[in-house]
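A.B. asks: Sharing a structure here in structure tokens format.
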Amino acid sequence: MIPEDRFDAIVAAEDKVEPADWMPEDYRKTLIRQIAQHAHSEIIGMQPEGNWISRAPTLHRKAILMAKVQDEAGHGLYLYSAAETLGVDRDQLQTLLHQGKHKYSSIFNYPTLSWADIGTIGWLVDGAAITNQVMLTRCSYGPYARAMVRICKEESFHQRQGYESLIRLCSGSPEQKAMAQDALDRWWWPSLMMFGPHDTDSTHTEQSMEWKIKRVANDDLRQQFVDMTVPQADFLGLRIPDSELRWNEERGHYDFGEIDWDEFWAVVKGNGPMNRDRIEHKVHAWDEGSWVREAAMAHAAKQEAATT
Amino acid sequence: MSEPVISTAPQGAPPSDVSDPVLSLVAHADDNLILAERLGEWISRAPELEEDIAIGNIALDHLGVARALYTHAGQLEGMGRGEDDFAMRRPERGFLNVLLVEQPNGDFAHTMVRGLFFDAYQVELWADLSGSGDATLSGIAGRALKEARYHLLHTSSWVIRLGDGTDESHRRAQRAVDVMWRYTAEMFEGAASGYRDIWEKVIGDVLDEARLQIPDDPYQRSGGRRGFHSEHLGPLLAEMQWMQRSHPGLTW
Amino acid sequence: MTYEVPVAPGESSEIEETADLAIEAWPMWEVFVRARRGISHVHIGSLHAADAESALQNARDVYTRRGEGASLWVVRSSEIHTFEPDDISDFVDANEKPYRLATAYEIPDEVGHM
């Protein structure tokens with residue numbers, strides 16, 4: 001059997017492609033990029049949420065937020081590990097991120113301006129992530145699928161804690177409810193943008209679907225997210241900032257308005273509110289840590305020299 | 001080590017009686033809460049991803065101990081105060097933490113040295129309090145002891161790596177020891193004086209292996225246990241207490 | 001949500017994957033966990049560390065969240081030696097030796113369970 005046929009057979013049979021298997025070079029490169037960008041998203045995502053750790057309103061909320069952000073660091077690490085099985089080094093991937101050649105999910109290029117943003121991110125961003133993650137556990141590449149299974153297990157509390165926080169705000173004082181509404185006003189459209197362009201405008205969708213890296217189309221995932229989330233907003237008594245949002249009985253789905261694609265592409269290109277800050281923060285931490293990493297290697301070398 | 005010369009509270013200032021069981025619990029809780037706040041600042045800023053995760057876990061440990069101690073203190077006190085009353089509604093002068101934990105993170109060496117000094121003390125403290133007649137306290141202490149041993153392993157390993165790493169890491173580690181040393185005597189005031197000898201031995205061994213010098217300087221600072229803090233605590237509390245102070249009386 | 005981050009109009013869609021590795025880069029280690037007694041160690045993932053001691057400490061923080069009783073092994077990734085089945089026909093099929101299978105033998109029922 002020639003390698004290409006064997007690869008196609010594995011994918012067709014819903015079997016897993018493993019690291020040492022022959023794979024098309026573009027499959028490998030696409031996976032490296034996608035897994036790396038997924039990992040980068042987890043790491044960068046620590047910043048907007050980490051921004052509120054010191055100001056969490058109670059010790060309980062502080063502990064929850066710290067645990068959530070630590071989980072995200074761990075998820076980033078699992079994903080980098082999966083990417084590394086494809087023959088790249090984690091440090092190389094980080095360098096590509098720092099240079100702007102790799103990207104991360106655009107949602108994290110928005111600032112967290114109030115405490116309600118934290119609950120809203122948990123509700124919407126983690127909600128969106130969950131719709132995507134369940135799909136990715138069925139991805140054709142073994143290490144990526146396995147990392148996603150582990151991540152999904154740990155993810156369960158992330159969305160719930162955010163939504164619960166919003167329940168408190170929306171049943172609290174008028175000021176708290178207004179804080180929640182303001183957060184939803186700012187995060188709704190960026191959340192829809194997380195699902196990417198219309199599939200007709202996406203260069204990658206078709207090939208990724210063939211290779212079973214992507215299992216569901218962007219627009220279908222976005223629709224799934226809207227259908228799931230609108231009743232949740234209704235329960236909170238919050239108004240979604242979309243005048244075209246309405247239930248369509250015929251389709252059995254919610255109709256919703258068109259995304260501002262100018263804003264979408266501006267943020268993808270690096271011109272969103274926080275793009276520069278996120279990367280500068282990351283690069284600064286990396287640079288500041290250089291002497292520490294060097295010291296660890298130097299000490300390890302000394303230890304090894306001493307024992308040989 | 002030379003006899004400490006202690007720079008302390010204003011003359012005539014009354015000492016807070018940390019021999020009082022409630023205040024003693026609050027003091028230990030404050031130590032852990034303030035250190036948790038400091039360590040939390042490293043999240044997304046650590047030198048490597050694994051270290052970010054490790055520091056975050058350590059911060060969560062300290063926060064957990066603080067919360068358990070505040071809750072117990074509130075119950076003993078019997079005035080209906082809960083963990084957030086202690087953390088969010090006391091002013092700077094009411095906090096009883098040692099000065100060491102409120103010192104800024106500085107560079108990674110400063111943070112690890114500060115941690116080493118504190119963790120070695122915590123191991124002795126929790127080992128002692130594990131035998132407390134107060135069942136709740138001894139339970140908290142038992143868990144805190146396991147965590148403190150892990151923290152000490154972490155910080156001592158790092159101090160050794162940095163002290164005996166590169167020239168630059170050695171220089172930074174020595175500077176950190178020189179700066180943090182003046183906050184160490186305070187940990188052994190009052191009932192804690194019994195821990196000092198073991199602590200000195202542990203620290204001496206680690207610094208030895210790290211090729212670091214103990215400063216030959218008798219200057220020591222004190223006052224934290226009496227609510228007389230350095231200038232660093234105020235801004236930390238201002239940030240931590242901001243939401244509760246700006247939106248009083250609400251649930252989150 | 002998508003992580004395949006779309007290519008903006010006018011941007012190159014070349015998938016860039018090379019970058020220099022820094023001198024102070026920590027090597028990779030594979031982590032094996034035995035969650036409790038009675039089962040064997042299982043490969044759970046990898047991480048980066050300068051030496052074995054910190055690899056073990058990091059593995060506890062990253063992969064076990066310091067769960068009690070978990071036994072950990074770490075091995076430098078470069079020390080893992082592998083065999084990969086290149087082609088199905090490389091394997092001698094176990095079914096070619098049916099005498100190795102219990103089902104190949106008939107034992108009368110009166111003998112009892114065997």
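The values are calculated or read from the model by the stated rules, or taken from the named source; none is laboratory data. On a predicted model such as this, the values are computed, not experimentally measured, just so you know. A quick note on method: Cβ atoms are made from the backbone with ideal geometry, for glycine too, and the neighbour counts reach across all protein chains shown.
A.B. asks: List pairs: first in the stretch A:193-207 and more than 10 Å from every other protein chain (Cβ to nearest Cβ) and closer than 19 Å to A:VAL226 by Cβ, second of a type in the set (A, V, I, L, M) and not in a helix (DSSP H, G or I), Cβ under 6 Å, 6+ apart or cross-chain?
C.D. replies: These pairs meet every condition: A:ASP199/A:ALA217.
A.B. asks: Here's another thing I want to ask about it. Within the stretch B:135-252, considering only helices (runs of 4 or more DSSP H) that don't extend past its boundaries, which have at least 1 residues that are within 14 Å of chain A (Cβ to nearest Cβ) and aromatic (Phe, Trp, Tyr)?
C.D. replies: Of the helices (runs of 4 or more DSSP H) lying wholly inside the stretch B:135-252, those with at least 1 residues that are within 14 Å of chain A (Cβ to nearest Cβ) and aromatic (Phe, Trp, Tyr) span B:135-163, B:233-246.
A.B. asks: Cβ-Cβ below 7 Å, separation at least six or inter-chain, first residue in the stretch C:24-50 and aliphatic (A, V, I, L, M), second assigned to a loop (DSSP other than H, G, I, E, B): which pairs?
C.D. replies: Filtered contacts from the stretch C:24-50: C:ALA25/A:ASP89; C:VAL33/C:HIS41; C:VAL33/C:THR64; C:VAL33/C:ALA70; C:ALA35/C:ALA70; C:ALA49/C:TRP26; C:ALA50/C:TRP26.
A.B. asks: Identify all residues within the stretch A:73-88 that are crowded, with 19+ Cβ neighbours inside 10 Å and either in contact with a Pro (Cβ under 6 Å, 6 or more places away or on another chain) or over 21 Å from A:MET274 (Cβ atoms) (or both); write none if there are none.
C.D. replies: Of everything in the stretch A:73-88, those that are crowded, with 19+ Cβ neighbours inside 10 Å and either in contact with a Pro (Cβ under 6 Å, 6 or more places away or on another chain) or over 21 Å from A:MET274 (Cβ atoms) (or both) turn out to be A:GLY74, A:LEU77, A:TYR78, A:LEU79, A:TYR80, A:SER81, A:ALA82, A:ALA83, A:GLU84, A:THR85, A:LEU86, A:VAL88.
A.B. asks: If a residue has to be farther than 27 Å from A:HIS60 by Cβ and either among the basic types (Lys, Arg) or touching a helix residue (DSSP H, G or I) at 6+ places or on another chain (Cβ under 6 Å) (or both) to count, how many in the stretch A:163-191 make the cut?
C.D. replies: Result for the stretch A:163-191: 1.
A.B. asks: If you check every pair at least six apart or on different chains, which have Cβ atoms under 6 Å apart with a residue in the stretch A:121-149 that is over 26 Å from A:TRP189 (Cα atoms) first and a residue that is surrounded by 20 or more Cβ atoms within 10 Å (Cβ to Cβ) and of a type in the set (Val, Ile, Thr) second?
C.D. replies: So the pair list comes out as A:CYS139/A:ILE213; A:SER140/A:VAL17; A:TYR141/A:VAL17; A:PRO143/A:THR85; A:TYR144/A:ILE35.
A.B. asks: Given the structure, is A:ILE53 part of a helix (DSSP H, G or I) and either at pLDDT 95 or above or surrounded by 24 or more Cβ atoms within 10 Å (Cβ to Cβ) (or both)?
C.D. replies: Considered against the rule, which asks whether it is part of a helix (DSSP H, G or I) and either at pLDDT 95 or above or surrounded by 24 or more Cβ atoms within 10 Å (Cβ to Cβ) (or both), A:ILE53 comes out as no.
A.B. asks: Please determine whether any residue of the stretch A:89-111 is more than 26 Å from C:LEU47 (Cβ to Cβ), over 16 Å from the mean Cα position of the chain (by Cα), at pLDDT 95 or above and more than 11 Å from chain C (Cβ to nearest Cβ).
C.D. replies: Looking through the stretch A:89-111, none of the residues is more than 26 Å from C:LEU47 (Cβ to Cβ), over 16 Å from the mean Cα position of the chain (by Cα), at pLDDT 95 or above and more than 11 Å from chain C (Cβ to nearest Cβ).
A.B. asks: Can I ask one more? Identify, from the list C:LEU47, C:LEU56, the residue that is closer than 15 Å to B:ALA54 by Cβ and more than 9 Å from every other protein chain (Cβ to nearest Cβ).
C.D. replies: That would be C:LEU56, the only listed residue that is closer than 15 Å to B:ALA54 by Cβ and more than 9 Å from every other protein chain (Cβ to nearest Cβ).
A.B. asks: Quick one: in the stretch A:1-32, which of the residues that are of a type in the set (A, V, I, L, M, F, W, C) and part of a loop (DSSP other than H, G, I, E, B) is nearest to A:PRO143 (Cα to Cα)?
C.D. replies: Here the answer is A:ALA20.
A.B. asks: If you don't mind, there's one more thing I want to ask. Determine which member of the set A:ARG90, A:ARG160 is in contact with a helix residue (DSSP H, G or I) (Cβ under 6 Å, 6 or more places away or on another chain) and of a type in the set (D, E, K, R).
C.D. replies: Within the list A:ARG90, A:ARG160, the selection yields A:ARG90.
A.B. asks: Out of all the residues in the stretch B:220-239, which are surrounded by fewer than 16 Cβ atoms within 10 Å (Cβ to Cβ) and either at pLDDT below 95 or out of contact with any strand residue (DSSP E or B) (no Cβ under 9 Å at 6 or more places or on another chain) (or both)?
C.D. replies: Matches in the stretch B:220-239: B:GLU231, B:HIS232, B:GLY234, B:PRO235, B:ALA238, B:GLU239.
A.B. asks: Sticking with this one: Taking B:ASN105 and the conditions (1) out of contact with any Ser or Thr (no Cβ under 7 Å at 6 or more places or on another chain); (2) within 14 Å of chain A (Cβ to nearest Cβ); (3) under 17 Å from B:THR184 (Cα atoms), which numbered condition does it fall short on, given that it satisfies the others?
C.D. replies: Failed condition: (1).
A.B. asks: Further, regarding this structure: Mind checking whether some residue in the stretch A:283-298 is of a type in the set (A, V, I, L, M, F, W, C), within 12 Å of chain B (Cβ to nearest Cβ) and closer than 30 Å to A:SER165 by Cβ?
C.D. replies: The answer is yes, given that some residue of the stretch A:283-298 is of a type in the set (A, V, I, L, M, F, W, C), within 12 Å of chain B (Cβ to nearest Cβ) and closer than 30 Å to A:SER165 by Cβ.
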